[in-house]
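> My questions all concern the structure below.
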Amino acid sequence: MPRLAAFVLVLSLLLPGRALPAATLELADGQSVDLDALQRRVVGPGCSGKLLGLKEHPFSEAQVSCDAFLSFALVQAALEGKAPPDVRERLGALLMDALGRARSPFRNTGSTQVAGHSLPRSVLYRGFLLLMLAGVERAGLASEEHRTLFDALAAQTAEAVAKQPLLPSFGESIWPCDNALAASGLLLHGRLRGSEASRAAGERWVAHLAKLSETPGGFPTQVDAKGRILKKTPRGTVLAWTAAFLTMSGTPAARTFAGVLLKDFCEHVPLFPSAAACREWPRGVERGADAASGPIIGGYGQGATALAIAATRASEELAGWHTALRTTAVLGGIQKHVSQPGKFPLETSLYLWATGLRPW
């Protein structure tokens, strides 16, 4: 999309009296989300670097997550014929934001030039961007500039993972789950742009993640550049995050990760049998909350449970779990959050994506 058009869209979202015509996105339960208010916040003031606005739960990559999750939700709506008429401009504005200020938290990974853009080397950032570009392509809304960037980013990412099986998210810190985004992005690039190199690299990457899940003790949380495990204990958020993003490319490995998550971390809530929640830590392991988990209540992690809503879109066979997890979200007050998208843009965008997730 031309940069000027995106700039005009951003101004129209920010300036009083210049808002776009009212637009909404509808959840499966019929609740509508004010899309204008949500996008104004995301591309305007931006998203808070704290989960649920709580200072004890920092989330440094909140801005690129907001850009990406809202972008994914718009693509999903476009594929269902439910997107607003200006969806191309909205997606362009979100991409511009991701290519701009959203890069900031990833500066410690270094940067390189990709199709005229100075982009962080972080696999997490690149994974988000690959999936955003894949979505625009899948919806038939990509410009030549988008395709040039998509092709160049996929080629550089495939080259990087050929040299090192897992890539870092921040500095030298390697979280295998974050590699799932870029692996899924390469699979989609291979399919949507007809790239055999991307398809092969994505399949090897996913196979490596699947092999890690079979290690004694389960899927590790953190490893070093040589593949040595630094943090062995598996986690609910880690498994749900991996399953959810692999689902976007439709790889069978997504179902495998979702199955492990549900078997080892999730259960129906005793007092509310129609609801379900997921633990952050394995049963029998008692640890507190941290930046990755979000709040933990009674052993159940809000992050793991929220991401499990997306993870259970990996297969129609998991529809019962998906419904039960959404019931928990409603009991926990998600409707209050999505009714105030200007106040809770990250939570609203994530919920829109998670409930409507479909393989592209």
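> Just need log10 I(q)/I(0) for the range 250-360 at q = 0.11, 0.12, 0.13 Å⁻¹, Debye formula, equal scatterers on the alpha-carbon atoms, no solvent, rounded to two decimals.
The Cα Debye sum returns log10 ratios of -0.34, -0.40, -0.47.
> Looking at the calculated P(r) for the range 90-236, what percent of the C-alpha pair distances fall above 26 Å?
Cα-Cα pairs in the range 90-236 separated by more than 26 Å: 23 percent.
> Further, regarding this structure: Distance cut-off 29 Å, Cα to Cα: go down the list Lys163/Lys231; Lys232/Lys336; Lys263/Lys343; Lys232/Lys263; Lys82/Lys211; Lys231/Lys343 and report the pairs above it.
From the list (Lys163/Lys231; Lys232/Lys336; Lys263/Lys343; Lys232/Lys263; Lys82/Lys211; Lys231/Lys343), the Cα-Cα distance tops 29 Å for Lys232/Lys336; Lys263/Lys343; Lys82/Lys211; Lys231/Lys343.
> Here is a further query. For the charge dipole of the range 211-360, defined by +1 on Lys and Arg C-beta atoms and -1 on Asp and Glu C-beta atoms about the Cα centroid, which residue among Thr328, Ala254, Gly356 has the Cα displaced farthest towards the positive pole?
Checking the options against the dipole of the range 211-360, the answer is Ala254.
> Another question, if that's okay. Which order do Val75, Val269 take when ranked by solvent-accessible area (1.4 Å probe, heavy atoms of all protein chains), largest first?
Val269, Val75
> Taking the Cα centre of the range 168-272 as origin, work out the dipole magnitude from +1 charges on Lys and Arg Cβ and -1 charges on Asp and Glu Cβ, in debye rounded to 20.
Its charge dipole is roughly 140 debye.
> Choose one of Ala201, Gly227, Ala243: the residue whose Cα lies farthest towards the positive end of the charge dipole of the chain (beta-carbon charges +1 Lys, Arg; -1 Asp, Glu; about the Cα centre).
Gly227
> Right, here's the next one. Need one number: nm distance between label points at Lys231 and Ala28, each 7 Å from Cα along Cα→Cβ, rounded to one decimal.
Using points 7 Å along Cα→Cβ, the separation is 3.0 nm.
> Taking θ = phi - 60°, what integer Hz values does the Karplus form 6.51 cos²θ - 1.76 cosθ + 1.60 yield along the range 320-335, in sequence order, with x for Gly and Pro?
Whole-Hz 3J(HN,Hα) from phi for the range 320-335: x, 5, 4, 5, 5, 5, 5, 4, 4, 4, 5, 4, x, x, 4, 5.
> Using Cα Rg over 2.2 N^0.38 Å as the read-out, say which of (1) 1.06; (2) 0.92; (3) 1.01 was calculated from these coordinates.
(2)
> Before I look further, what does the chain give for accessible area per residue, probe 1.4 Å, in whole square angstrom?
About 41 Å² of surface per residue is accessible.
> Taking the chain as a Gaussian network, where each spring joins two C-alpha atoms under 10 Å apart, which residue of Arg326, Arg101, Arg279 fluctuates the most?
Highest fluctuation of the listed residues: Arg101.
> Return the carbon/sulfur percentage of the accessible area of the range 297-336, one whole number, probe 1.4 Å, all protein chains in place.
57
> Quick one: which residues, 5 or more positions from Gly250 or on another chain, have an amide H under 5 Å from its amide H? H modelled 1.01 Å from N in the peptide plane, none for Pro or chain starts.
The answer is Trp360.
> Next question, about the same structure. Among Ala182, Ala152, Ala310, whose mean-square fluctuation peaks in a Gaussian network model of the chain (Cα, cutoff 10 Å)?
Ala152
> Another question, if that's okay. Say each of Glu145 and Thr112 gets a label point 7 Å from the Cα, pointing the same way as Cα to Cβ; how far apart are those two points in nm?
So the two model labels end up 2.4 nm from each other.
> If you don't mind, another one. Under a 10 Å cutoff between Cα atoms, tell me which one of Gly284, Gly190, Gly46 has the largest fluctuation in the Gaussian network model of the chain.
Per the Cα network of the chain with a 10 Å cutoff, Gly284 tops the list.
> For the chain, give me every cysteine whose Cβ has no other Cys Cβ within less than 4.7 Å, ordered by residue number.
Cysteines lacking a close Cβ partner in the chain: Cys177.
> Given a 1.4 Å probe and every protein chain left where it sits, what share in percent of the accessible area of the range 119-268 is carbon and sulfur?
Solvent-exposed carbon and sulfur of the range 119-268 make up 55 percent of the total.
The values are calculated or read from the model by the stated rules, or taken from the named source; none is laboratory data. The structure displayed is predicted, hence computed values, not measured ones. Every residue, glycine as well, gets a Cβ built from its backbone with ideal geometry; the counts of neighbours run over all protein chains shown. Please note that ligands, DNA and RNA were not included when accessible areas were found on the heavy atoms of the full protein model with its side chains. Shrake-Rupley method; radii C 1.70, N 1.55, O 1.52, S 1.80 Å.
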